[in-house]
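The values are calculated or read from the model by the stated rules, or taken from the named source; none is laboratory data. All of these numbers come straight from a predicted model, not from anything done at the bench. Here the Cβ positions follow ideal geometry from the backbone for every residue, glycine too, while neighbour counts run over all protein chains shown. Note: accessible area is taken over every heavy atom of the protein model, side chains too, but ligands, DNA and RNA are not part of it. Shrake-Rupley method; radii C 1.70, N 1.55, O 1.52, S 1.80 Å.
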Amino acid sequence: MMAVAAAQKNREMFAIKKSYSIENGYPARRRSLVDDARFEALVVKQTKQSALDEARQRSNDAELTEEEMLLATAAAESAEAAQAVQHAALVLRLRDGVGALARILKTIENFKGSVTHVETRAAKGTGARADALVRVDISRQQLLLLLRALRQSAALASVALLADTHVSIKDPWFPRHASELDNCNHLMTKYEPELDMNHPGFADKVYRERRKMIADIAFAFKHGDPIPTIEYTAAETATWRVVFNNTVDFLPKYACAEYRRVFGMLEEANIFTPDRIPQLEEMSSFLNRHTGFRLRPAAGLLTARDFLASLAFRIFQSTQYVRHTSSPHHTPEPDCIHEMIGHMPLLADPKFAQFSQEIGLASLGASDAEIEKLSTVYWFTVEFGLCKEKGNLKAYGAGLLSSTRELLHAVSDKPEHRPFEPALTAIQPYQDQEVQPIYYVAESFEDAKDKFRRWVSTGM
């Protein structure tokens with residue numbers, strides 16, 4: 001429990017309170033998971049460095065590391081926290097070789113530490129003759145004092161706290177259970193229509209208040225709660241009807257077979273009808289019966305790390321608000337129409353559900369750079385992916401299936417169509433100002449999944 005509490009506190013310390021899209025004045029026609037991932041990495045790096053610089057100044061210790069800063073923060077919470085036992089690993093560079101190790105171990109004993117493991121090797125680099133890895137169990141307070149004492153030793157060229165299993169954030173915290181997705185709420189990047197004068201709802205006070213009300217419901221949701229029902233207005237239902245009827249018209253010709261099959265199942269179950277927006281709870285039950293996927297309400301576009309992490313648990317974070325009535329065919333950020341019509345049918349397909357989950361699993365503990373690559377792969381597959389069907393191009397991406405304009409562009413001869421190769425797709429610049437100039441085509445979901453697995457195991 002102590003480890004979980006520390007992880008949550010550190011996560012709050014570096015929480016993303018803003019998004020790339022908001023900070024840059026919404027320069028694009030839609031919100032982008034990729035840009036938010038890029039911005040998240042930048043903000044985390046800047047915030048960590050700023051916090052570290054302040055801690056070094058306060059402690060008058062220019063060699064203070066990120067782990068030590070977090071350790072000191074945790075120890076300062078209470079007397080109990082200061083005396084909590086840490087399982088730490090120290091990397092020591094010994095100037096005169098292993099002969100000095102006995103004195104170092106005695107110093108650890110003097111600070112009431114218990115050595116549990118020692119390894120030595122010939123030093124790598126100059127300035128030392130041997131390197132030693134020493135694992136020790138010691139209180140937080142004593143560990144901080146020990147590190148200062150060791151740095152003053154003439155026998156050591158350097159000292160590093162390699163890991164602290166309770167407070168380290170060198171490897172990003174990630175949820176170990178679906179219930180821990182509740183701890184990601186403060187990282188939600190809320191979309192505020194009043195910040196962008198080009199947003200369809202910018203001048204509509206009633207719409208903005210409605211959005212806030214629905215977002216607050218999502219923020220209050222906790223794992224295990226029944227998903228709250230939203231009573232949709234006649235205007236919101238009319239917007240749904242326009243998009244739904246368009247989808248019914250084009251899906252026989254342009255949607256992949258897997259999408260068409262599940263769409264029909266949703267119609268038979270009376271979940272998909274033109275006159276009613278589905279509730280998340282009924283859709284979640286449908287998905288859970290077919291692939292084990294479930295839904296939880298989201299207030300807006302999650303940061304990339306949090307959104308992808310939820311997929312690892314077969315949970316899809318879905319918005320519940322509806323795009324502005326003045327713009328039924330386009331929304332600059334995800335809304336429930338995009339989620340329901342674009343994403344939900346294929347999440348009930350076993351092969352696609354497995355592909356989505358594997359993207360999520362690959363994100364757990366990934367670096368910021370890897371999260372950006374995974375977000376880009378997600379963008380060009382789950383959002384804007386095409387596949388082959390009897391020699392013809394078919395859409396499986398949610399951004400295509402919920403947008404008639406982009407769908408017709410994607411299957412035309414105007415854009416470039418490239419075979420899906422994750423290593424290349426992951427670094428492809430994307431287009432968020434207009435429709436995509438490049439789309440990636442998978443031979444099948446199974447082929448895309450196999451290629452993705454190989455890339456994760458060898459290329460990331």
For residue 394, counting only aspartates and glutamates whose alpha-carbon sits under 12 Å away and dropping same-chain residues fewer than eight positions off, the answer is 258, 443
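Looking only at GluC sites (Glu not before Pro) in DSSP loops with at most 15 other Cβ atoms within 10 Å, what is the longest site-free stretch of the chain?
Answer from the scan: 232-433.
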Sum -39500 (n - 2.57) across every DSSP H segment of at least 4 residues in the chain, then divide by the residue count to get the 222 nm mean residue ellipticity, nearest 500. -13500 deg cm²/dmol
Please give the length that would be gained between residue 267 and residue 216 if that part of the chain were fully extended, namely 0.36 nm times their separation in residues minus their C-alpha to C-alpha distance (nm, one decimal). 15.3 nm
Projected label distance in nm at residue 438 and residue 245, using a 7 Å step from Cα toward the beta-carbon: 3.9 nm
Checked against the positive end of the charge dipole of segment 390-448 (+1 on Cβ of Lys and Arg, -1 on Cβ of Asp and Glu, about the Cα centre), the farthest of 430, 417, 403 is 403
If the only charges are +1 at each Lys and Arg Cβ and -1 at each Asp and Glu Cβ, what is the size of the charge dipole of the chain around the Cα centre, to the nearest 20 debye? 980 debye
On C-alpha positions alone, give me the angle between the axis of helix 350-363 and the longest principal axis of the chain, in degrees, nearest 10. 30 degrees
If you compute Kirkwood radius over Cα pairs in Å for the structure shown, which of (i) 23.4; (ii) 24.4; (iii) 25.2 do you land on? (ii)
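Ignoring ligands, DNA and RNA, what accessible area per residue does the chain give at 1.4 Å, in Å²?
On the way: 20100 Å² over 460 residues.
Using a 1.4 Å probe on heavy atoms only, each residue of the chain averages 44 Å².
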Placing +1 on the Cβ of each Lys and Arg and -1 on the Cβ of each Asp and Glu in the chain, which of 202, 149, 382 has its Cα farthest towards the positive end of the resulting dipole? 149
Check the straight Cα-Cα distances from residue 124 and name the aspartates and glutamates below 14 Å, setting aside those fewer than 8 residues away within the same chain. 96
Nonlocal amide H pairs with residue 298, under 5 Å, H built at 1.01 Å: 318, 319, 320
Report the gain in length on full extension from residue 412 to residue 354: 0.36 nm times residue separation, minus Cα-Cα distance, nm rounded to one decimal. 18.0 nm
Tell me the net charge near residue 130. Cut-off is 13 Å between Cβ atoms, residue 130 excluded, with +1 for each Lys or Arg and -1 for each Asp or Glu. +2
Helix axis angle, 101-110 relative to the chain longest principal axis, alpha carbon, degrees: 80 degrees
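With +1 assigned to the C-beta of every Lys and Arg and -1 to the C-beta of every Asp and Glu, and no other charges, what is the dipole magnitude of segment 384-460 about the Cα centre in debye, to the nearest 20?
On the way: 10 positive and 11 negative charges, 34 e Å.
About 160 debye.
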Which of 48/222; 48/373; 388/449; 351/373; 390/451; 351/390 have a Cα-Cα distance over 26 Å? 48/222
Going Cα to Cα from residue 112, which aspartates and glutamates come in below 16 Å? Please leave out same-chain ones fewer than 8 positions away. 137
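Which FRET efficiency value, to the nearest 0.05, is calculated for residue 282 and residue 80 with the Förster distance at 60 angstrom and r the Cβ-Cβ distance? Please report the intermediate quantities before stating the final value.
Working: r = 47 Å, r/R0 = 0.78.
My answer for the efficiency is 0.80.
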In percent, how large is the relative contact order of the chain, given Cα pairs closer than 8 Å and 6 or more residues apart? 15 percent
When the charge dipole of segment 178-458 is computed with +1 on Lys and Arg Cβ and -1 on Asp and Glu Cβ about the Cα centre, the Cα farthest towards its positive end, among 316, 291, 279, belongs to 291
With a 1.4 Å probe and all protein chains left in place, how much of the accessible area of segment 326-460 comes from carbon and sulfur atoms, in whole percent? 52 percent
